[in-house]
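The values are calculated or read from the model by the stated rules, or taken from the named source; none is laboratory data. Keep in mind it's a predicted model, so treat the numbers as computed, not measured. Every residue, glycine among them, receives a Cβ derived from its backbone with ideal geometry; neighbour counts consider all protein chains shown. Accessible surface is based on the protein model in full, side chains and every heavy atom, while ligands, DNA and RNA are left aside. Shrake-Rupley method; radii C 1.70, N 1.55, O 1.52, S 1.80 Å.
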Amino acid sequence: MPALDGRVIVVTGGGRGLGRAHCLELAAHGAAVVVNDPGVGLDGSGGGAGPAADVVADIERAGGKAVAHTGSVTAWDDVADMIDTAVSTFGTLTGVVNNAGIVRDAMITSTSEADWDAVIAVHLKGTFAVTKHACDYWRAQAKAGNPIDARIVNTVSGAGLWGNAGQSAYSAAKAAIASLTLVTALEMRRYGVSANAISPLAVTRMSAQVFADRADDPAMDPARSSAVVAWLQSAEASWLTGQILRISGDKLSRIEGFAEAPRCYHAKDGQSLVFSEIGQAVSWLWGTSPRGLAGPLPAI
């Protein structure tokens, strides 16, 4: 029996790039797929049913099951309809892959309010909207006494984990999605829902300019991360939640989030920190002398 037989999975941004690869991989393992894609341009403008319909046709030609959905992840009612489409077409919903995204890259001093809002809306609001409506469905099913074994796979980025010049909105949205993944994992575990994220390194429409010199590198093929997505949607992955997996070529690694360093400074005499000691304390924490100058560590 295929590993994902009986699974019904919504993939946002499923018409091209990473999303398309995920849809094909999920279907190849037996999942029924809702291919969501409004067919917009790289900056979120325009639209059309073509990309989603093309992926559905590819899946059906290979003997799989899929349905297209062209709603926007930024529209609350569209997302509700997306979840309803999965349930009405295939009888249930067992997973979502939040992949939809746009870019409007610019330095902070050149970023407009409209560009910031558009990027945050698709990446962050879109991921939350799909997560929220899917979780509402699963919570209602659990309260009705139906067993739930569901998966959420979000998409983060190196830009969100480590930052990238010229991508303030995109980086901020991806960092927020990492935190949203953790919160979702904490809140939904009781209902039988796991939430994880992937950080794929690939050449797509969104990253083509960043990785222009690696456009023909097989290691940057978007499909490289799709097997990980399929595994995260499987029953075998039920124990894993609240984690981020980085995929770079043939390498799979675990991303560990913010951690408190072992070295810590305590206020003098056990009292509150005072302004006059902060400079010395911070220099000591970073292992350098005051003002970042080379030299012996301050005496603490």
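Things worth noting here:
- Total residues in segment 45-57 satisfying the condition of being open to solvent by less than 40 Å² (accessible area, probe 1.4 Å) and touching a residue at least 24 places away in the same chain (Cβ under 8 Å): the figure is 4.
Residues checked against (1) in a helix (DSSP H, G or I); (2) open to solvent by 60 Å² or more (accessible area, probe 1.4 Å); (3) touching a residue at least 24 places away in the same chain (Cβ under 8 Å):
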| site | (1), (2), (3) |
| --- | --- |
| D115 | yes, no, yes |
| H123 | yes, no, yes |
| G126 | yes, no, yes |
| C135 | yes, no, yes |
| W138 | yes, no, yes |
| Q141 | yes, no, no |
| I148 | no, no, yes |
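- Restricting segment 159-175 to residues that are modelled with pLDDT of 95 or more and in contact with a Phe, Trp or Tyr (Cβ under 9 Å, 6 or more places away or on another chain), the residue that is farthest from P147 (Cα to Cα): S168
- For segment 29-52, taking the residues that are closer than 20 Å to S226 by Cβ and assigned to a helix (DSSP H, G or I), the one that is modelled with the highest pLDDT is identified as A52.
- Hey, T74 open to solvent by 10 Å² or more (accessible area, probe 1.4 Å) and not in a helix (DSSP H, G or I) or not: yes
- Filtered residue count, segment 96-113, keeping only those that are surrounded by fewer than 18 Cβ atoms within 10 Å (Cβ to Cβ) and either in contact (Cβ under 8 Å) with a residue 40 or more places away in the chain or hydroxyl-bearing (S, T, Y) (or both): 7
- Residue within segment 273-291 that is outside the structural domain of G30 (by the TED database), exposed (fewer than 10 other Cβ atoms within 10 Å of the Cβ) and at pLDDT below 75 present: yes
- From the list L26, L93, the lone residue that is in a loop (DSSP other than H, G, I, E, B), open to solvent by less than 20 Å² (accessible area, probe 1.4 Å) and out of contact with any His (no Cβ under 7 Å at 6 or more places or on another chain) is L93.
- Of all residues in segment 178-197 being small (G, A, S) and out of contact with any Ser or Thr (no Cβ under 7 Å at 6 or more places or on another chain), the one that is nearest to G163 (Cα to Cα): A178
- Failed item in (1) farther than 20 Å from W231 by Cα; (2) surrounded by fewer than 16 Cβ atoms within 10 Å (Cβ to Cβ), with A172 passing the rest: (2)
- Tabulated pairs, segment 256-267, first within 18 Å of G279 (Cα to Cα), second loosely packed, with under 10 Cβ neighbours inside 10 Å and modelled with pLDDT under 90, C-beta under 9 angstrom, 6+ apart or interchain: R263/G287
- Residue satisfying all of: in segment 58-71; in contact (Cβ under 8 Å) with a residue 24 or more places away in the chain and open to solvent by 40 Å² or more (accessible area, probe 1.4 Å); farthest from T12 (Cα to Cα) among these: A62
- Scanning segment 227-243 for residues that are hydrophobic (A, V, I, L, M, F, W, C), in contact with a Leu (Cβ under 8 Å, 6 or more places away or on another chain) and crowded, with 16+ Cβ neighbours inside 10 Å gives V228, V229, A230, L232.
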